[in-house]
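The values are calculated or read from the model by the stated rules, or taken from the named source; none is laboratory data. In this text, all values refer to a predicted model and were calculated from it rather than measured experimentally. Quick reminder, even Gly has a Cβ in these numbers, built from the backbone with ideal geometry, and neighbours come from all protein chains shown. Heavy atoms of the whole protein, side chains included, go into the accessibility calculation; ligands, DNA and RNA do not. Shrake-Rupley method; radii C 1.70, N 1.55, O 1.52, S 1.80 Å.
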Amino acid sequence: MNGIVLADKPAGISSAEVVRRIKSRVKPARVGHLGTLDPFATGLLPIMIGEATKLAPFIDGGDKEYAGLIRLGVETDTLDRDGAEVRRADVPKISVENLAQVSARFTGAIEQIPPVYSAIKRAGVPLYRLARRGDDVAPPEKRSVEIKRLDLTCEAPDAIRFVATCSPGTYARSLARDIGVALGTVAHLDELRRTRNGAFSIADATPLSDIIEALDSGASLHLIALRDALVGLSEVAVDAIAEKRLRNGDSRALDSQVPPNGPLFKVISDSGDLIAVARATSRVTAIVERIFNLDA
């Protein structure tokens, strides 16, 4: 089994738990995921199975789209609803004009301090592990991110509904915290749903429970083929002789076949399967970045 299945993750479990449940049913195939979702969050979680796990470096970099709810007046240590309350503040009256100003302020390139409860590592240890064991953890350094779209609407006196399109590395929990401060109060993220991850959309996702049911019953499971997952990369088709050379480590089999737009491109077999991802080193030469063995 080789390919990507788009899972619609339910609330209450970690991304790692989603991987564990699927992996136990497709052994010995390897399983991984693209873009971690916090346990309280729902939505799109691309799951890579088998040889698809090798695709991560080439596709885990697209914009993300989220929809969610910011709860005003209460801040938690994790910046989401699962955390412990750390402070309260009065919530001022929020006008449409306030929201428009805040939306404009946070649209574009901004600096953001990630949450202490995050997978960012310090001395090789994720910060969330240090925080959970009671260590005094200094906040991570600021990072530059880009918010390409931010729509804010008032759902209740203490609740702001949002839709955001953002660059990789953006923390929705930090965005919720900072929007609360900009509105003159404190806040945490009460709901979060990822609706897009790069080229993948929630419209094409399958509820995790249905995926598990299909695996348990032996029913067919819609998998995105490796070739189709690498959206936007040019393709070069090679014959069986060139394929054998590539699998033996001879990148010269690609000489004079480098596409003009790159530098990364797909190498496709006679049968239409993905053989490799290659990188152009000149207009006529390339090196193989990764080989795929779909018969494995």
Quiz item: Under a plain spin-label model, where a point goes 7 Å from the Cα along Cα-to-Cβ, how far apart in nm are Lys27 and Lys93?
Solution: 6.3
Self-check item: region 36-140: chymotrypsin sites (Phe, Trp or Tyr not before Pro) in DSSP loop, at most 13 other beta carbons within 10 Å
Solution: none
Quiz item: Which whole number in µm²/s is D for region 52-154 by Stokes-Einstein, with the Kirkwood Rh taken over Cα pairs at 37 °C and 0.692 mPa s?
Solution: 197
Quiz item: Rg and Dmax of region 126-198 over Cα atoms: what are they, in angstrom?
Solution: 14.2, 37
Quiz item: How many percent of the accessible area of region 1-140 is carbon or sulfur, using a 1.4 Å probe?
Solution: 49
Quiz prompt | In Hz, Karplus ³J(HN,Hα) per residue of region 22-29 (6.51, -1.76, 1.60; θ = phi - 60°; x = Gly, Pro) | solution = 6, 4, 5, 9, 10, 3, x, 4
Quiz item: Quick one: net charge of Ile268's neighbours, Cβ under 12 Å, K/R +1, D/E -1?
Solution: -4
Self-check item: Sequence-separation-based contact order of the chain, relative, with Cα cut under 8 Å and 6+ spacing, percent
Solution: 21
Quiz prompt | All-pairs Cα distance distribution in region 196-245, expressed in whole percent, bin size 10 Å | solution = 18, 33, 25, 21, 2
Quiz item: How far apart, in nm, are two points set 7 Å out from the Cα along the Cα-to-Cβ line at Ala119 and at Ser220?
Solution: 3.2
Quiz item: Non-local amide H neighbours of His33 (under 5 Å, H modeled in plane, Pro and chain starts lacking H): which ones?
Solution: Met48
Quiz item: From the backbone phi of region 96-107, what are the Karplus-calculated ³J(HN,Hα) couplings (6.51 cos²θ - 1.76 cosθ + 1.60, θ = phi - 60°) in whole Hz, Gly and Pro given as x?
Solution: 4, 5, 4, 5, 5, 5, 5, 4, 5, 5, 9, 9
Quiz prompt | Interchain or long-range residues, amide H under 5 Å from Glu289's placed H | solution = Val277, Ala278, Arg279
Self-check item: In nm, spacing of pseudo-spin labels at Ile13 and Phe58 (7 Å Cα→C-beta vector)
Solution: 2.9
Practice problem: Could you tell me the distance between the Cα centroids of region 214-277 and region 71-107, to the nearest Å? | Solution: 47
Self-check item: Where Rh is the Kirkwood radius over Cα pairs, Rg/Rh for region 1-109
Solution: 1.10
Exercise. Collect residues whose amide H, placed 1.01 Å from N in the peptide plane, falls under 5 Å from the amide H of Asp190; neighbours closer than 5 in sequence don't count.
Key: Leu69, Ile70, Arg71
Quiz item: What FRET efficiency comes out for the pair Asn293/Ser256, r = Cβ-Cβ distance, R0 = 22 Å, nearest 0.05?
Solution: 0.30
Exercise. May I ask you to evaluate 6.51 cos²θ - 1.76 cosθ + 1.60, the Karplus curve with θ = phi - 60°, for each residue of region 37-46 and list the ³J(HN,Hα) values in order in whole Hz, giving x for glycine and proline?
Key: 10, 5, x, 6, 7, 10, x, 5, 9, x
